[in-house]
Amino acid sequence: MGRLVAVPDTDGELTTSLGRLEEVLLQLQPYEAGDDPAPLGLGEVALEALQRILGRVLAAERGPTPELIASGGTFELIPVRFVELDNGDLGAIGQTIAALGLALLPGGEEAAAEVLREFIDDREQPSDLVASFARAHGLLDLAPDDDARLLAAVTEGKTGRVLLTVDEERAYKRLTDRVLAMFHLNDPLARFLYRGS
């Protein structure tokens with residue numbers, strides 16, 4: 001069963017997080033048929049669910065998108081694209097990220113924790129990496145509401161400039177308030193980019 005998902009332009013941060021999660025899951029897969037299965041149930045089912053999601057999000061980001069203009073006509077808003085993702089895939093990825101988080105706890109699955117350590121840079125802890133996965137999943141798992149459905153209808157099949165009405169701009173602000181809270185953790189710079197103030 002599908003779910004309408006709003007995918008705002010994150011300047012590649014969303015797909016980077018999903019891509020890093022894919023690399024972690026690939027590293028956890030057995031090399032040969034006789035090897036032990038991936039730990040924590042993070043086998044092919046989880047990997048395939050993630051790859052379907054990542055494929056849909058990448059396709060949306062690479063496709064044309066309208067330039068959303070605030071109702072006053074003076075400010076270009078951060079673009080938002082809409083995709084349909086499978087509820088089962090989203091659930092599988094949520095379980096995957098939870099399992100990776102558990103691996104970092106004392107007594108957790110050491111093989112998974114070691115793989116996470118391999119993918120961090122000097123400024124990160126493994127928990128930061130898992131948190132980035134959780135923010136990406138949380139953004140994609142936001143429940144669709146009337147605001148998302150309205151903006152999806154307004155932007156469907158359109159390219160070029162789209163001047164929003166006052167009500168459509170209010171819907172955009174409510175939707176992006178949820179995005180700012182979930183994905184950007186209410187970062188002031190992200191708020192400025194979405195709001196211009």
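Read-outs: derived from the displayed coordinates by stated rules, not from any lab. All values reported here derive from a predicted model rather than from experimental measurement. Neighbour counts are summed over all protein chains in view; Cβ atoms, including those assigned to glycine, are modelled from backbone coordinates with ideal geometry.
Phi angles across segment 85-102 convert, under the Karplus curve 6.51 cos²θ - 1.76 cosθ + 1.60 with θ = phi - 60°, into 3J(HN,Hα) values of 10, 6, 4, x, 5, 4, x, 4, 6, x, 5, 4, 5, 4, 5, 5, x, 5 Hz, Gly and Pro given as x.
GNM remark for the chain: springs join alpha carbons under 10 Å apart, and the peak mean-square fluctuation among Leu90, Leu14, Leu142 falls on Leu142. Among Gly88, Gly101, Gly160, the largest mean-square fluctuation in a Gaussian network model of the chain, built with springs joining Cα atoms closer than 10 Å, belongs to Gly160. Within segment 2-195, antiparallel bridges make up roughly 75 percent of the DSSP beta bridges whose residues both belong there.
Potential lengthening of the chain between Ile69 and Thr16 amounts to 16.4 nm, from the contour at 0.36 nm per residue minus the alpha-carbon distance. All Cα-Cα distances of segment 120-197, cut into 5 Å bins from zero to the largest, leave 3, 13, 18, 20, 19, 12, 6, 5, 3, 0 percent in each bin in turn. Paramagnetic label reach from Ala143 (point 7 Å along Cα→Cβ; backbone nitrogen cut-off under 16 Å): within segment 80-122, residues 87, 91.
How big is the Kirkwood radius of segment 1-140, worked out from every pair of different alpha carbons and given in Å to one decimal? If you can, show how the numbers build up before the last one.
Numbers: mean 1/r = 0.0614 Å⁻¹.
Roughly 16.3 Å, rounded to one decimal.
Legend: calculated FRET efficiency, Asp36 to Leu193, from the Cβ-Cβ distance at R0 = 41 Å, rounded to 0.05, equals 0.35.
Quick one: compute the contact order of the chain, relative version, from alpha carbon pairs under 8 angstrom and 6+ residues apart, as a percent.
Working: 237 pairs, mean separation 57.7, N = 197.
This gives 29 percent for the chain.
Spin-label pair Glu114-Leu4: with each label point 7 Å from Cα along the Cα-Cβ axis, the two points sit 4.7 nm from one another.
Nothing charged except the Cβ atoms of Lys and Arg (+1) and of Asp and Glu (-1): what's the magnitude of the dipole of segment 2-195 about its Cα centre? Round to the nearest 20 debye.
Numbers: 18 positive and 34 negative charges, 197 e Å.
For segment 2-195, the charge dipole is close to 940 debye.
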